[in-house]
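Novice: The structure follows.
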Amino acid sequence: MIESKDLIQNAADKLKAGSKNNWFDQYIDQNKERFVTDLDSISRYLTHEKMKIGDLGAAPFVIDLALKTMGHHVTCFDVAPERFNHLEKVGLNLEKVDLDKWAEVKNGDYELVLFTEVFEHLRGDLLTVCHNIYDMLKPGGILYLTTPNIRSVMGIYKLIFKKVSYSLSNDLYHEWNKLETLGHMGHVREYTLHEVTTLFTTVGFEAIQIKTKPVQIGPGLFNRIFYYMEYLLNPLTLGSSSSLVLRKPL
């Protein structure tokens, strides 16, 4: 069996080949370790071969291609898939969906839905998004969600000393300007682990695994210090990344 690290590296190499999108290439390079960690976590819920999987806000598609290589049927939903025309040769199934204007979902046969580093970008009706994800899944289906945790060592530091309500983000201008420069929205708001868990369980999901993870946001001594602080305090759910596994009841 191919290890997650090799699957992610192979997927990254294929996706970057022919790319002329600087954000796409840089994001892949900066997040390879996270992709490996996520794929390891997701693999625990791959109950059989050829599962039907949907990825919401899928760019840059690294985990999707890794899952496709493993034999699963993956549909990638993105707000502007036309940005990535070079991906036709890798055979990914891309569909255009604006989650901020998401129409009603009519098919409920997905066994696994991925929602990684997207929730914090939404500026539309969050309840509609949550209900639509619920409707996408078949009974017993799994939602794997990751999003920044504002109630973290870095988030608390930035709130008190930097006067901003982000743990893993930049200023408001920079985030909103991504609509113009990248074609998708930056961070609208970051949430606490408790807020995200409460929202999805109120909609009807069952919480299977709820935790946070420390994040090193860049090089340098300062960032390493905060990473180790988050590592030590992570039992108090003070890591900068929230990770949730939720299930639609049978």
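Novice: Looking at segment 223-250 only, could you name the residues that are over 19 Å from GLU117 (Cα atoms) and in a loop (DSSP other than H, G, I, E, B)?
Specialist: LYS248, PRO249, LEU250 - these are the residues of segment 223-250 that are over 19 Å from GLU117 (Cα atoms) and in a loop (DSSP other than H, G, I, E, B).
Novice: Those residues that are surrounded by fewer than 19 Cβ atoms within 10 Å (Cβ to Cβ) and in contact with a Lys or Arg (Cβ under 7 Å, 6 or more places away or on another chain), I need them from segment 95-150; list them, please.
Specialist: ASP100, GLY108, ASP109, GLY124, PRO139, GLY140
Novice: Right, here's the next one. Would you mind finding the one in PHE84, PHE61 that is aromatic (Phe, Trp, Tyr), surrounded by 19 or more Cβ atoms within 10 Å (Cβ to Cβ), at pLDDT below 90 and more than 14 Å from VAL129 (Cα to Cα)?
Specialist: Working: PHE61 fails: at pLDDT below 90.
After applying the criteria, what remains is PHE84.
Novice: Within 20 Å of the chain's Cα centre (by Cα) and loosely packed, with under 13 Cβ neighbours inside 10 Å, is that true of GLY239?
Specialist: no
Novice: Taking into account only those residues within segment 1-49 that are of a type in the set (Asp, Glu) and closer than 24 Å to THR147 by Cα, which is most open to solvent (accessible area, probe 1.4 Å)?
Specialist: GLU33
Novice: Looking for whichever is out of contact with any Phe, Trp or Tyr (no Cβ under 9 Å at 6 or more places or on another chain) and closer than 22 Å to ILE217 by Cα here; the options are LYS32, LYS89. Which one fits?
Specialist: LYS32
Novice: Have a look at LYS213, LYS162, LYS178 and point out the one that is of a type in the set (D, E, K, R), within 21 Å of VAL62 (Cβ to Cβ) and out of contact with any strand residue (DSSP E or B) (no Cβ under 8 Å at 6 or more places or on another chain).
Specialist: So the residue among LYS213, LYS162, LYS178 that is of a type in the set (D, E, K, R), within 21 Å of VAL62 (Cβ to Cβ) and out of contact with any strand residue (DSSP E or B) (no Cβ under 8 Å at 6 or more places or on another chain) is LYS178.
The values are calculated or read from the model by the stated rules, or taken from the named source; none is laboratory data. Keep in mind it's a predicted model, so treat the numbers as computed, not measured. Note that we place each Cβ from the backbone using ideal geometry, even for glycine, and neighbour counts take in every protein chain shown. For the accessible areas, the whole protein counts, side chains as well, though only heavy atoms, and no ligand, DNA or RNA atoms are used. Shrake-Rupley method; radii C 1.70, N 1.55, O 1.52, S 1.80 Å.
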